[in-house]
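A.B. asks: Here's a structure for you.
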């Protein structure tokens, strides 16, 4: 007889991962700004670490939401990337990533960008595994948790994996 493994939910804060990088000349374009692809690469690593902390499994990137670059990051600035799991859905999980830059000479700090990445947790054979639920504690964590289902439905619609008429959470935004 097979027994079901009951997974304990984990606090969102348990997955929090922070990476700090110095922007070096080989990381920049001709204008002295950090390459967008480089920051996306670092964001993917940081968010994968957060996903792995939450699931205790290798987690692979399944989707990246819109990433808008608000401010360029200059050579010599230090960037801090923070990632944290917001919500899980059976075998997938959503991670919120925020990128801030700092001019360490002046102390000026500014946000560069933020995004949501979706991961799928895999077992040792590469098959998806169930993910533990998330317990949001702060008001901000609760806000991200509450919006995650709408973001997931939008991702599925845009990816052709859900019909718009089946997105009940999204429809609720536009109807009484």
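A.B. asks: Relative to the first principal axis of the alpha-carbon coordinates of the chain, what is the inclination of helix 36-55, with its axis defined by its Cα atoms, in degrees from 0 to 90 and to the nearest 10?
C.D. replies: Helix 36-55 sits roughly 40 degrees off the main axis of the chain.
A.B. asks: Starting with the fewest neighbours, write out 151, 87, 161 ranked by other beta-carbon atoms found within 10 Å of each beta-carbon.
C.D. replies: By the 10 Å Cβ count, ascending: 161, 151, 87.
A.B. asks: Next question. Can you give the % of DSSP beta bridges in the chain that are antiparallel, to the nearest 5?
C.D. replies: Bridges in the chain are about 95 percent antiparallel.
A.B. asks: Determine the distance separating the Cα centre of the range 76-106 from the Cα centre of the range 14-55; give it in Å without decimals.
C.D. replies: Taking the Cα centre of the range 14-55 as reference, the centre of the range 76-106 is 8 Å away.
A.B. asks: With each label point set 7 Å from Cα along the Cα-Cβ vector, what nm distance links residue 89 and residue 26?
C.D. replies: 3.9 nm
A.B. asks: On a full-extension model of 0.36 nm per residue, what is the gain between residue 65 and residue 163, subtracting their alpha-carbon distance, rounded to one decimal in nm?
C.D. replies: So the chain would gain 33.4 nm between residue 65 and residue 163.
A.B. asks: Turning to a different aspect of this structure: Tell me the relative contact order for the chain as a rounded percent, counting alpha carbon contacts under 8 Å between residues six or more apart. Present the calculation step by step, with values, prior to reporting the outcome.
C.D. replies: Values: 339 pairs, mean separation 42.5, N = 176.
Here the relative contact order equals 24 percent.
A.B. asks: Same structure again: Give me the number: length gained by fully extending residue 7 to residue 109, i.e. 0.36 nm times residue separation minus the C-alpha to C-alpha distance, one decimal in nm.
C.D. replies: Once the chain is fully extended between residue 7 and residue 109, it gains 32.8 nm.
A.B. asks: Which of 108, 65, 133 moves the most in a Gaussian network model of the chain with Cα springs under 10 Å?
C.D. replies: Per the Cα network of the chain with a 10 Å cutoff, 108 tops the list.
A.B. asks: Right, next: Given the DSSP H assignment, sum -39500 (n - 2.57) over each helix run of at least 4 residues in the chain and divide by its residue total; what's the result at 222 nm in deg cm²/dmol, nearest 500? Display every interim value, and only then the final one.
C.D. replies: Numbers: 3 runs with 47 residues, N = 176.
Calculated at 222 nm, the ellipticity per residue is -9000 deg cm²/dmol.
A.B. asks: Using a Gaussian network model of the chain whose springs link C-alpha atoms within less than 10 Å, name the residue from 94, 14, 114 with the highest mean-square fluctuation.
C.D. replies: 14
A.B. asks: Which whole-percent values make up P(r) of the range 108-148 when all C-alpha to C-alpha distances are grouped in 10 Å steps starting at zero?
C.D. replies: The calculated distribution, bin by bin, is 20, 34, 31, 13, 2.
A.B. asks: Then there is this: For a quick size check, give me the Cα extents of the chain along its three principal axes, largest first, whole Å.
C.D. replies: Principal extents (largest minus smallest coordinate, Cα): 61, 43, 31 Å.
Here, each number is a calculation from the coordinates, and none is a lab measurement. Note that the structure is a prediction, hence the values are computed from the model and not measured. For neighbour counting, all protein chains shown are included, and Cβ atoms are generated from backbone atoms with ideal geometry for every residue, glycine included.
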